[in-house]
1. With a 10 Å Cβ neighbour count serving as the proxy for reagent exposure, in which order, fewest first, do 475, 352, 108 appear?
2. Would you compute the Debye intensity of region 9-108 from its alpha-carbon atoms alone, equal scatterers and no solvent, and pass along log10 I(q)/I(0) at q = 0.19, 0.21 Å⁻¹ to two decimals?
3. Relative to a virtual label point 7 Å from the Cα of residue 205 in the Cα→beta-carbon direction, which members of region 263-278 show backbone nitrogen distances below 14 Å?
4. Can you list the residues of region 341-383 with backbone N under 20 Å from a point 7 Å past the Cα of residue 176, pointing along Cα to Cβ?
5. Which distance in nm do the two modelled labels at residue 150 and residue 12 give, with both placed 7 Å along the Cα-to-Cβ direction?
6. Treat the count of other C-beta atoms within 10 Å as a stand-in for reagent exposure and order 201, 241 from fewest to most.
7. Would you calculate the separation in nanometres between label points at residue 23 and residue 274, each defined as 7 Å from the Cα along the Cα-to-beta-carbon direction?
8. Could you work out the relative contact order of the chain, using alpha carbon pairs under 8 angstrom and six or more residues apart, expressed as a whole percent?
């Protein structure tokens with residue numbers, strides 16, 4: 001239902017991209033399903049739900065994990081729908097920062113670019129380190145390997161190199177892997193939940209699932225602990241901007257990309273609720289699962305319920321899904337680096353805006369993404385809560401970046417011309433709900449996660465956010481205000497508005 005003032009669709013994707021100021025440089029070989037698969041693979045319920053499972057068991061337990069998933073998923077649908085509407089009008093690889101620049105001016109775009117980059121790199125780190133921990137659990141089951149911080153970092157490095165190698169092969173392979181990932185995730189959830197429902201003789205009651213509260217955080221306030229527990233769902237429901245970042249490689253992008261965002265959220269919402277319920281209802285000894293020698297509570301649930309052979313088989317299914325997820329996130333991050341550097345937003349932009357003539361792939365950008373993710377994981381050698389902090393970095397960088405273009409679209413009002421996919425008159429209500437939710441979540445993920453607060457339990461997500469913002473401000477004053485120049489025509493009013501961001 002497009003309003004009368006919606007922008008008429010261009011005759012081709014390339015024409016639309018040129019209208020937005022860019023000459024096509026990436027290969028447009030991805031269809032609508034592949035675009036949806038990009039975001040669905042990055043959300044990856046078999047990554048986020050599984051790797052954050054221990055965190056959820058400590059911060060609220062089953063009740064917060066299940067109801068938090070339902071509530072957070074509903075709110076994320078508002079955020080995704082509002083972002084999808086803006087994506088339809090501006091389908092570029094730059095995605096969030098381009099939208100913010102077009103709607104609010106250069107400083108808004110520059111700020112969002114750095115936030116989005118922080119979130120994407122934090123996402124690669126969180127996803128691939130989580131996959132490494134599950135590989136460690138599988139090695140523990142098979143060979144008695146005891147996962148150590150250094151050993152997990154080594155596995156993590158191998159996973160990063162794998163994703164770099166796959167992404168360097170070109171977008172066609174990335175698209176195929178993402179498409180396979182959709183069915184692997186859905187089939188994997190069905191297989192895991194089906195096995196846990198049929199094989200064990202005993203299950204927890206639905207009443208226990210919906211009401212049992214656990215607090216192992218050290219904090220005494222149950223409301224505070226429940227708020228912390230929402231991080232499991234909020235971390236999982238991130239990365240759906242991948243559909244927007246893949247716009248310049250997607251056919252009918254102004255429709256396919258927004259559809260990809262919204263579909264990836266609601267499909268993940270349903271499948272994730274089923275997965276969490278299946279795992280939680282199969283828990284036997286809660287404390288034994290939480291303190292599993294594998295280091296991964298879901299692995300212990302599978303082991304207790306299905307025995308070694310079944311547990312190892314399903315754990316392998318989970319690991320492959322997590323590898324799909326990390327590969328899709330690496331693709332999205334590399335496109336973001338390419339687009340931001342193309343517009344002069346990064347130091348050394350000339351290096352980070354190159355595209356391989358043979359594969360049409362941003363090669364240096366892939367390597368920058370995985371190396372930065374490796375650096376972000378180094379504190380895991382000293383801090384036992386580093387993984388939770390990395391996931392918070394992903395959320396604290398990514399989530400505000402989703403809301404800023406939506407906020408600027410709302411502030412712009414009627415001059416904003418929606419694309420062919422839009423919310424009509426419901427757009428403003430959906431947008432304000434989205435902005436309010438993001439403001440709340442941004443505060444939550446910066447809170448201390450464990451008590452007492454000391455060097456080993458400190459949540460360094462706000463520190464990483466401040467460092468990223470400081471680097472952005474420094475680079476803006478040194479070169480950014482001269483070099484950063486997306487090809488968006490701005491009115492004098494927009495330039496004036498952009499001065500509000502310091």
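Just so you know, all these numbers are worked out from the coordinates, no wet-lab data involved. Computed from a prediction, not measured in an experiment: that's the story for all the values here. Every residue, glycine among them, receives a Cβ derived from its backbone with ideal geometry; neighbour counts consider all protein chains shown.
1. Exposure proxy ranking, most exposed first: 475, 352, 108.
2. -1.05, -1.17
3. none
4. 356-363
5. Placing both labels 7 Å along Cα→Cβ, they lie 5.8 nm apart.
6. 201, 241
7. 4.8 nm
8. Computed value for the chain: 34 percent relative contact order.
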